[in-house]
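Chemist: Starting off with a structure, shown below.
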Amino acid sequence: MIQAKGYAVHKANDKLAPWNFERREVGNHDVQIEILYCGVCHSDLAQINNEWFEGIFPMIPGHEIVGRVVKVGDHVKNFKVGDLAGVGTLVNSCGHCEHCEDGLEVYCKEGVVATYNNLDKYRDNLPTYGGYSNTIVTDEKFTLHVSESLNLAATAPLLCAGITTYSPLKHWKVGKGHKVAVLGLGGLGHMAVKFAVALGAEVTVLSTSPKKEADARKLGATNFVVTKNIAEVEKVKSSFDFIVDTVSAEHDFDFYLSLLKLNGVHICVGIPPKGLEVKNVGLSLQLGRRSVVGSAVGGIPETQEMLDFCAAHNITAEIEMIKMKDIHTAFERMEKGDVHYRFVIDMATL
Ligand code: NAP
Ligand code: ZN
């Protein structure tokens, strides 16, 4: 086994603290990565707090991982020692269902294996541990190539925030001529703005934070609406083809559905603590022939496509680098919506 160190939480709602643990030896199809940076996703906090389901503890969060390959297995074809590499939210899947065969591993019919807080049922049934650590061993099939041309720390958030917003925009063919609203300007939201703009759409940010307007415009949004200001919201009624909803807390769907045009699509990527509660959407759906849809991260081929798209268009996340020991200050700020726009841990500080 490989001796590794990380920051783990030992029971739900507890604090992260240094923890030594073991990674599996590098198998024939595996690569070992020295982790250099790891992004901090709202999902990390949600899982530490058992918001979605009962977690597996000790838990080492982190699924926005970038670093350098330090060892490869004998049968590895696509990576060599010294390459930059990334790992996102998935590390295994059944590999043979129709969705895996289509490169949609995240929708694996037998269940995907998440990078942390999961048991790898296709391998050893042992818990997976994430990127708040110094090293990781992954199958090359679940390992991504990362461009040398982009700022590496700012590339880390692409592995979750990036693909989670890129994937639905591509799936619903968002592009030129579309008006897109991005609801919530945090880690996912700011990537949604960048991608929607890069794909040619006209973007409005819907936010609870008036102070984020200048940033939203710098990211490429042409309009900014403070959602607490009802008069401003009234002005954008029935005006969007798509809403990309990245809000991490419970919110009123009816209120936002009315902002969609005829046939408009409300794309939910945010995951509030109790899941999405659609309580009373009135006749908003029927009277506008609108839809509410969801999307989960993205498959491995599409994640590589997104990373290549980012390299071609010089797209990375806006980041605030933190030391590992400051993770709880970052979580506190994240809970208040005070992210600009992704915290990234410098693993040299572990
Ligand atoms: P984040 O950086 O904390 O951003 C969330 C943003 O939502 C905040 O910055 C804030 O933006 C807005 N917000 C927060 N509380 C709100 C409230 N009560 N009402 C209205 N708006 C509120 O989080 P993130 O990392 O981007 O993640 C966003 C959500 O996506 C989380 O639920 C996360 O678990 C989920 N997620 C889903 C997937 C997936 O596969 N679908 C993947 C990754 C993450 P403003 O200040 O602009 O209002
Ligand atoms: Zn994430």
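Chemist: Which of the strands (runs of 3 or more DSSP E) contained wholly in the stretch 59-124 include at least 2 residues that are of a type in the set (Lys, Arg)?
Modeler: 65-72
Chemist: Let me ask another. From the residues in the stretch 17-52 that are buried (at least 18 other Cβ atoms within 10 Å of the Cβ) and more than 20 Å from Asn118 (Cβ to Cβ), which one is nearest to ligand 2 (Cβ to nearest atom)?
Modeler: Residue satisfying both the conditions and the ranking: Tyr37.
Chemist: Of all residues in the stretch 313-339, which are touching a strand residue (DSSP E or B) at 6+ places or on another chain (Cβ under 6 Å) and either of a type in the set (A, V, I, L, M) or modelled with pLDDT under 95 (or both)?
Modeler: Ala317, Ile319, Met321, Ile322, Met324, Ala330, listed by residue number.
Chemist: Let me ask something else about it. So which residues in the stretch 195-252 are at positive phi and polar (S, T, N, Q), if there are any at all?
Modeler: Within the stretch 195-252, just Ser238 meets the criteria.
Chemist: On the given criteria, is Gly189 touching a Leu at 6+ places or on another chain (Cβ under 8 Å) and either at pLDDT below 95 or buried (at least 24 other Cβ atoms within 10 Å of the Cβ) (or both)?
Modeler: It is true that Gly189 is touching a Leu at 6+ places or on another chain (Cβ under 8 Å) and either at pLDDT below 95 or buried (at least 24 other Cβ atoms within 10 Å of the Cβ) (or both).
Chemist: Go over the candidates Gly131, Gly55 one by one and state the one that is in a loop (DSSP other than H, G, I, E, B) and either on the phi > 0 side of the Ramachandran plot or surrounded by fewer than 24 Cβ atoms within 10 Å (Cβ to Cβ) (or both).
Modeler: Answer to the selection: Gly55.
Chemist: List the pairs whose first member sits in the stretch 42-64 and is assigned by TED's automatic domain parsing to the domain that holds Val339 and charged (D, E, K, R), whose second member is near ligand 1 (Cβ under 9 Å from one of its atoms) and assigned to a loop (DSSP other than H, G, I, E, B), and whose Cβ atoms are under 7 Å apart, counting only residues at least 6 apart or on separate chains?
Modeler: Correct list of pairs: Glu51/Pro273; Glu64/Cys41; Glu64/Cys160.
Chemist: Right, here's the next one. State whether the residues of the stretch 18-34 include one that is aromatic (Phe, Trp, Tyr) and closer than 17 Å to Met347 by Cα.
Modeler: The answer is yes; a qualifying residue exists.
Chemist: A further question follows. Say whether the condition of being more than 16 Å from ligand 2 (Cβ to nearest atom), among the charged types (D, E, K, R), loosely packed, with under 13 Cβ neighbours inside 10 Å and in contact (Cβ under 8 Å) with a residue 24 or more places away in the chain is met by at least one residue in the stretch 310-329.
Modeler: no
Chemist: While we're here: Collect the residues in the stretch 288-312 that are of a type outside the set (A, V, I, L, M), under 15 Å from Phe142 (Cβ atoms), away from ligand 1 (no atom under 14 Å from the Cβ) and in contact with a strand residue (DSSP E or B) (Cβ under 9 Å, 6 or more places away or on another chain), keeping them in residue-number order.
Modeler: The one that is of a type outside the set (A, V, I, L, M), under 15 Å from Phe142 (Cβ atoms), away from ligand 1 (no atom under 14 Å from the Cβ) and in contact with a strand residue (DSSP E or B) (Cβ under 9 Å, 6 or more places away or on another chain): Gln304.
The values are calculated or read from the model by the stated rules, or taken from the named source; none is laboratory data. Here the structure is a predicted model, which is why all the values come from computation and not from measurement. Note: ideal-geometry Cβ built from the backbone for every residue, glycine included; neighbour counts use all protein chains shown.
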